[in-house]
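Note sheet for the following structure.
We did not get these values from a lab; they are worked out from the coordinates using the rules stated. Note that the coordinates shown come from a computational prediction; the quantities given were computed from them, not determined experimentally. Glycine gets a Cβ as well: all are built from the backbone with ideal geometry, and neighbour counts include every protein chain shown.
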Amino acid sequence: MAKYFGTDGFRGEANVNLTAEHAYKIGRFLGWYYGNKRSGRRARVVIGKDTRRSSYMFEYALAAGLTASGADACLLHVTTTPSVSYVVRTEDFDCGIMISASHNPYYDNGIKLINYYGEKMEEDTILKIEAYLDGYAGEIPLATGEGIGRTVDYAIGRNRYVGSLISLATRSYEGMRVGLDCANGSAWMIAKSVFDALGARTYVIGNEPNGTNINADCGSTHIEVLQQFVRDNRLDVGFAFDGDADRCICVDEHGDVVDGDKILYVCGCYMKERGELTGSTVVTTVMSNLGLYKALDAAGIRYEKTAVGDKYVYENMVSNDYRLGGEQSGHIIFRKYAATGDGILTAIKMMEVMLEKKMTLSRLAEPVRIFPQVLENVRVTDKTAAAEDPDVQAEVRRVSEELGDDGRVLVRESGTEPVVRVMAEAGTQELCRQCVDRIIRKIEQKGYRE
């Protein structure tokens, strides 16, 4: 099991538990590792970053490590995670690096590694990097003379990505009033340029990054700001992205939220009608709302459920050749076009459905009745023992049986904290609360709660 890297990269507070030295060593290892794989040819690695103040520090540290090991570091500068994935898989790079902590506050940062195919890096390579970080892999030789790598401006790669997005639109957006909340992050220039090029009347917020305001009261994690913006400006639709723009949450013409579950429904129905939904199946995670599943059942669409994390959604899609999957949080994967969630691509696909079907977003999403939900994080002494305790599981089954088809409960371990997450969905908020409290009481009675 990885020590530093989680399901979405090496993440931590900048210069506390994720330092410039870590970045330099990761660069050193990747430059050497892929240089050896190329049998004497110089390795090529592309780097993107978001707008955090520390992203520049990590960019230079990674580039220094790569070039010191003989690799060329190609800099996309401020760009999105999906753009790095696109450039890696279309332009013969050995791997890609995205510097971002996604939806986290500015003082956090992260290093996301992307393989040759534009997918998240394989676990065996991650473990080799971690062995080097911990000093178990021996010394890596420094390149000398002409063997030292170069740092290259590669903004052209980002421009090609923008061009690829524009090419996917099926109709002009002329006459459409579109709101964009760029979270003061990676999408702050890209999203507007795409929608402007497609003819939309574009209204933008969250597009004044200063290094410390990424995700601050803006973006997909503060959707209420875009909701009000859409209402105030009487817009047709709004799209909110997170810090690295691999998520998208929509707002309809009334200012109501259309989250990842509703996006999956809207796009799933549209793709099924057009014969593009392989296996008539959408891939979700266990955290998707019961209302989505009921709506998919009514539409004759099957679904898979994976563990939480777009990594697991994508793995399921690849294994079964499915084309559409995602998370409630707005990570939506259109596998025909991308190997990762892509917020701007998601917005383009939603615009396609609206324009081709000549329907408002509120009407398209109307069949999904979102069930009330209560989720509580319970700090425990042993999360595995608490989640798997026979008495706790028995209480979960009792609650589930009482809810029947009109609700559900879920108990799962956190991947990063000593926490058990207890979630209930039911017809009312009060009933959800009662179900969650019953399970938490059982956890307390068994002595697990801190």
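Values as computed for the structure displayed
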{"quantity": "The chain - share of DSSP beta bridges that are antiparallel (%, nearest 5)", "calculated": "55"}
{"quantity": "Net dipole in debye of the stretch 208-342 [+1 Lys, Arg Cβ; -1 Asp, Glu Cβ; about Cα centre; nearest 20]", "calculated": "560"}
{"quantity": "Potential extension, L375-E388 segment - 0.36 nm per residue separation minus Cα distance", "calculated": "2.9 nm"}
{"quantity": "Environment charge of C250, counting only residues whose C-beta is closer than 12 Å and scoring Lys/Arg +1, Asp/Glu -1", "calculated": "-4"}
{"quantity": "Rough spin-label spacing in nm, given labels placed 7 Å along Cα→Cβ, for S319 and V152", "calculated": "3.8"}
{"quantity": "Cα-based convex hull, the stretch 169-365, per residue volume (Å³, whole number)", "calculated": "106"}
{"quantity": "Separation between Cα centres of the stretch 195-239 and the stretch 29-62, rounded to whole Å", "calculated": "32"}
{"quantity": "Separation of the R433 and I166 label points, Cα + 7 Å toward Cβ, nm", "calculated": "5.2"}
{"quantity": "Size of charge dipole - the stretch 167-230 - debye, nearest 20, with Cβ of Lys, Arg +1 and Asp, Glu -1, no other charges", "calculated": "240"}
{"quantity": "Computed FRET value (nearest 0.05) for A131 with K358, which takes r as the C-beta separation and R₀ as 35 Å", "calculated": "0.05"}
{"quantity": "For the stretch 149-205, Kirkwood radius (reciprocal of mean inverse C-alpha pair distance, Å)", "calculated": "12.5"}
{"quantity": "Assigned charges on the beta-carbon of Lys, Arg, Asp, Glu; the chain dipole about Cα centre (debye)", "calculated": "840"}
{"quantity": "Residue (of M351, P367, G238) at the positive-pole extreme of the chain, dipole from beta-carbon charges", "calculated": "M351"}
{"quantity": "FRET efficiency, 1/(1 + (r/R0)^6) with R0 25 Å, evaluated for D196 and N233 via beta carbons", "calculated": "0.95"}
{"quantity": "Mean residue ellipticity (222 nm) of the chain, computed from DSSP H runs ≥ 4 via -39,500 (n - 2.57), nearest 500", "calculated": "-12500 deg cm²/dmol"}
{"quantity": "Flagged links, alpha-carbon separation over 25 Å, of K192/K349; K294/K383; K120/K272; K262/K383; K120/K305", "calculated": "K294/K383; K120/K272; K262/K383"}
{"quantity": "Two-decimal Rg/Rh across the stretch 5-157, once Rg and the Kirkwood Rh are taken from alpha-carbon atoms", "calculated": "0.93"}
{"quantity": "Highest-first arrangement of 62-71, 279-288, where packing means the average Cβ count within 10 Å", "calculated": "62-71, 279-288"}
{"quantity": "The chain: radius of gyration and largest Cα-Cα distance (Dmax), Å", "calculated": "22.6, 73"}
{"quantity": "Residue exposure sequence - T381, T81 - by fewest surrounding Cβ within 10 Å", "calculated": "T381, T81"}
{"quantity": "Equivalent ellipsoid semi-axes, the stretch 373-445, via Cα gyration tensor eigenvalues times 5, rooted, Å", "calculated": "20, 13, 10"}
{"quantity": "Calculated over the stretch 272-332: convex hull of Cα atoms, volume per residue (Å³)", "calculated": "72"}
{"quantity": "Computed over the chain: relative contact order in percent, which uses C-alpha pairs under 8 Å that are six or more apart", "calculated": "12"}
{"quantity": "Rg ratio (alpha-carbon, reference 2.2 N^0.38 Å) - the stretch 208-279", "calculated": "1.30"}
